[in-house]
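K.L.:
Sharing a structure, written as structure tokens. Questions coming.
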Amino acid sequence: MSTDEAYDGHVVDARGLRCPLPVIRLAERSKELPPGTEVTVLATDPAAQHDVPAWARLRGHAVTGARTHEADGGPWWALTVRLGD
Amino acid sequence: MVRAYRAPFHHRFEGFRVTHPTAGTGRTHLDNGGRAPWHPLARTAFLQALDDGWADPRRLHTEGRRAAALLAGAREAVADVLGARTEEVRFTPSHTASLHAAVAQVAQARRRHGGDVVVGAAERAAVLHAADHVLAPDGRRVTVPVDTSGRVDVDAYATALSAGGVALAALQHANGEVGTTQPVEAVHEAARTAGVPLLVDAGASLGHAVVGPAWDVLAADPADWGAPAGVGIVAARQRTRTVATGPEDPEPWAPGGVSVPAVFAAAVALQAAEADRAQADARRRALVDEIRARVALIPDVEVVGDPSERLPHVVTFSFLYVDGEALVTELDRAGFAVGSGSACTASTLEPSHVLAAMGVLTHGNVRIALDRSTTRAEVDRFLDVLPEAVATVREMLGVQGL
């Protein structure tokens, strides 16, 4: 299924946004959340696959999940990070 | 006849004042990789060859022989720089054409040995595409990953080579996007042990760095060292078999022949670049060190590529929360031309496969390749303008305190 219903908890839907906006939206949401929280960002921009893990590394967060969804309008990605301290 | 036309190859290259075509225009061009401005001696050589080498070098009359002599002299000069035999050097229509033909011709000659092609993950797109194109029906492209500096692991590469069924392997001498040099000597040694020919893409290196003898087939890009675009160089060792893959042509590396003036200018420019390589290396290396140090002071930046084992003139960095296209435009407005590997800049949606393979930020990327003529004053002015340009783009995106 290529809907975001599969993702509960903190979800940032950045589909349709071009780089670097998915990472910016994810960073904005992460700022409001305590360490240890998991946040999932959904993105159609292929750069998010690379930039979310790079952002997590620079900020001391950990990537805990990455999935590719094939949809009619093209693929999209769901990346989950656990926030560090 | 050849002797008479060797004269240009004995020019004095020292003391030539090289200025960038943008000098005095208020523009500073820091995007010189793969398309450097013409070296003044390339221009002189090109004009001379327009007079002496306009004819078809395959014809037997005086004019044709004169053009053929220029071509022969150019071939000899290039071979001399490469440490190759003259007959091992061929000219092609472009660097991309060189890489396509080299992969295809070696793969064709090695059909009986295997159908796989081993490549580094940060190879030029032309190499990756050529590898996919020539794969045997049951062949695979084996991609050896790179670390965060952009370098392949020698053991991983050697393991891929020793698997058997490998037609050829390709490894760049250095990466033109991030500057990191590759362990070509060790990989060439492993390739020899495995009996696999190694194609070395020296397109970003030759004219800037010592390339050395660790290759079976080598490709180099004259447009990268200040010669005209529209000509490429391939050298294939005599021991390395190649088989032409295209339609029948007397010159399978360049069907229909090459532009004699472009080839002649390429050879003269290479000699000129070699003549002041050591000096240009020290000067540009120091400028890149300064760029790396000062850029690192800007908040939320990742300077990528190996800090020391690298090309002397290439430096790349990515700014977090910055749109690469907006930054290139902002810098352009301020008078500075830079490159970028960010997807947001290109017509394509995919970011640089090199940055992606390294696992570094692909957005907000700036790529700089200094020309020989780039001055310290230009670099200083760029470094003065850069922090504000980054801040402006972040402001446009509404980024604050992230």
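The values are calculated or read from the model by the stated rules, or taken from the named source; none is laboratory data. Please read all numbers here as calculations on a predicted model, not as lab measurements. Cβ sites come from the backbone with ideal geometry, for glycine too, and all protein chains shown count toward neighbours.
K.L.:
Please count how many residues of the stretch B:366-398 are surrounded by 21 or more Cβ atoms within 10 Å (Cβ to Cβ) and facing chain A (nearest Cβ under 10 Å).
P.N.:
Count: 2.
K.L.:
While we're on this one: Which members of the stretch A:50-85 meet the condition of being closer than 17 Å to A:L17 by Cβ, out of contact with any His (no Cβ under 9 Å at 6 or more places or on another chain) and in contact (Cβ under 8 Å) with a residue 40 or more places away in the chain?
P.N.:
Matches in the stretch A:50-85: A:H69, A:A71.
K.L.:
Could you tell me which of the residues B:A72, B:A104, B:A55 is closer than 27 Å to B:H188 by Cα, aliphatic (A, V, I, L, M) and out of contact with any strand residue (DSSP E or B) (no Cβ under 8 Å at 6 or more places or on another chain)?
P.N.:
On the way: B:A72 fails: closer than 27 Å to B:H188 by Cα; B:A55 fails: closer than 27 Å to B:H188 by Cα.
Being closer than 27 Å to B:H188 by Cα, aliphatic (A, V, I, L, M) and out of contact with any strand residue (DSSP E or B) (no Cβ under 8 Å at 6 or more places or on another chain) holds for just one of B:A72, B:A104, B:A55, which is B:A104.
K.L.:
Exactly one of (1) buried (at least 19 other Cβ atoms within 10 Å of the Cβ); (2) in a loop (DSSP other than H, G, I, E, B) is unmet by B:Q271. Its number?
P.N.:
Against the list (1) buried (at least 19 other Cβ atoms within 10 Å of the Cβ); (2) in a loop (DSSP other than H, G, I, E, B), B:Q271 comes up short only on (2).
K.L.:
Right, something else. Looking at B:A68, B:A72, B:A45, can you tell me which residue is assigned to a helix (DSSP H, G or I), modelled with pLDDT of 95 or more, surrounded by fewer than 19 Cβ atoms within 10 Å (Cβ to Cβ) and not charged (D, E, K, R)?
P.N.:
On the way: B:A68 fails: surrounded by fewer than 19 Cβ atoms within 10 Å (Cβ to Cβ); B:A45 fails: surrounded by fewer than 19 Cβ atoms within 10 Å (Cβ to Cβ).
Only one candidate passes the filter, namely B:A72.
K.L.:
Say whether the condition of being closer than 27 Å to B:G398 by Cβ, more than 14 Å from every other protein chain (Cβ to nearest Cβ) and touching a strand residue (DSSP E or B) at 6+ places or on another chain (Cβ under 9 Å) is met by at least one residue in the stretch B:337-348.
P.N.:
Of all residues in the stretch B:337-348, those closer than 27 Å to B:G398 by Cβ come to B:338-348.
Right, trim to more than 14 Å from every other protein chain (Cβ to nearest Cβ) and you get B:338-339.
Retained after the next criterion (residues that are touching a strand residue (DSSP E or B) at 6+ places or on another chain (Cβ under 9 Å)): B:338-339.
Yes, the stretch B:337-348 contains at least one residue that is closer than 27 Å to B:G398 by Cβ, more than 14 Å from every other protein chain (Cβ to nearest Cβ) and touching a strand residue (DSSP E or B) at 6+ places or on another chain (Cβ under 9 Å).
K.L.:
Now a separate question. I'm told B:H363 meets every condition in (1) under 18 Å from A:P20 (Cβ atoms); (2) away from chain A (no Cβ under 11 Å); (3) not β-branched (V, I, T) except one. Can you identify the failing condition by its number?
P.N.:
So B:H363 meets the others, but not (2).
K.L.:
Can you tell me which residue in the stretch A:1-14 is surrounded by the most Cβ atoms within 10 Å (Cβ to Cβ), limited to those that are modelled with pLDDT under 95 and charged (D, E, K, R)? Working first, answer last.
P.N.:
Here is the first cut: in the stretch A:1-14, the ones modelled with pLDDT under 95 are A:1-9.
Remaining after also requiring charged (D, E, K, R): A:4-5, A:8.
Details: A:D4: 15, A:E5: 7, A:D8: 8.
Once the filter is applied, the top-ranked residue is A:D4.
K.L.:
Determine which member of the set B:V142, B:V127, B:V134, B:V119 is modelled with pLDDT of 95 or more, β-branched (V, I, T) and over 16 Å from B:D201 (Cα atoms). Write out each step before concluding.
P.N.:
Values: B:V127 fails: over 16 Å from B:D201 (Cα atoms); B:V134 fails: modelled with pLDDT of 95 or more; B:V119 fails: over 16 Å from B:D201 (Cα atoms).
On inspection, the qualifying residue turns out to be B:V142.
K.L.:
Show the residue pairs meeting these rules: Cβ distance below 8 Å; 6+ apart or different chains; first residue within the stretch B:266-289 and more than 24 Å from B:A219 (Cα to Cα); second residue part of a helix (DSSP H, G or I).
P.N.:
Close Cβ pairs (under 8 Å, with a partner that is part of a helix (DSSP H, G or I)) amount to B:L287/B:R376; B:L287/B:V379.
K.L.:
Let me ask something additional. Taking the condition of being without any contact (Cβ under 8 Å) to a residue 40 or more places away in the chain and either surrounded by fewer than 17 Cβ atoms within 10 Å (Cβ to Cβ) or among the polar types (S, T, N, Q) (or both), how many residues in the stretch A:40-49 meet it?
P.N.:
Count: 2.
K.L.:
Within the stretch B:314-341, count every residue that is polar (S, T, N, Q), touching a residue at least 24 places away in the same chain (Cβ under 8 Å) and within 15 Å of B:D31 (Cα to Cα). Walk me through it before giving the result.
P.N.:
Pass one, the stretch B:314-341, residues polar (S, T, N, Q): B:316, B:318, B:329, B:340.
Checking which are touching a residue at least 24 places away in the same chain (Cβ under 8 Å) leaves us with B:316, B:318, B:340.
Still in the running and within 15 Å of B:D31 (Cα to Cα): B:316, B:340.
Final tally of qualifying residues: 2.
K.L.:
Right, another one. Would you point out which residue out of A:T64, A:T37 is surrounded by fewer than 17 Cβ atoms within 10 Å (Cβ to Cβ), touching a Leu at 6+ places or on another chain (Cβ under 7 Å) and either within 11 Å of another protein chain (Cβ to nearest Cβ) or at pLDDT 95 or above (or both)?
P.N.:
Working: A:T64 fails: touching a Leu at 6+ places or on another chain (Cβ under 7 Å).
Of A:T64, A:T37, the one residue that is surrounded by fewer than 17 Cβ atoms within 10 Å (Cβ to Cβ), touching a Leu at 6+ places or on another chain (Cβ under 7 Å) and either within 11 Å of another protein chain (Cβ to nearest Cβ) or at pLDDT 95 or above (or both) is A:T37.
K.L.:
Among (1) loosely packed, with under 15 Cβ neighbours inside 10 Å; (2) within 14 Å of chain A (Cβ to nearest Cβ); (3) not acidic (D, E), there is one condition B:A357 misses while meeting the rest; what is its number?
P.N.:
B:A357 satisfies all of (1) loosely packed, with under 15 Cβ neighbours inside 10 Å; (2) within 14 Å of chain A (Cβ to nearest Cβ); (3) not acidic (D, E) except (1).
K.L.:
Name every residue in the stretch B:274-322 that is among the small types (G, A, S), buried (at least 21 other Cβ atoms within 10 Å of the Cβ) and more than 21 Å from B:V211 (Cβ to Cβ), in order of residue number.
P.N.:
B:S318
K.L.:
Continuing with the same structure: Working only within the stretch A:11-34, note down all residues that are among the acidic types (D, E) and away from every other protein chain (no Cβ under 11 Å). Break it down stepwise before answering.
P.N.:
Within the stretch A:11-34, the first condition is being among the acidic types (D, E), and the residues that meet it are A:13, A:28, A:32.
Within the stretch A:11-34, A:D13, A:E32 meet the criteria.
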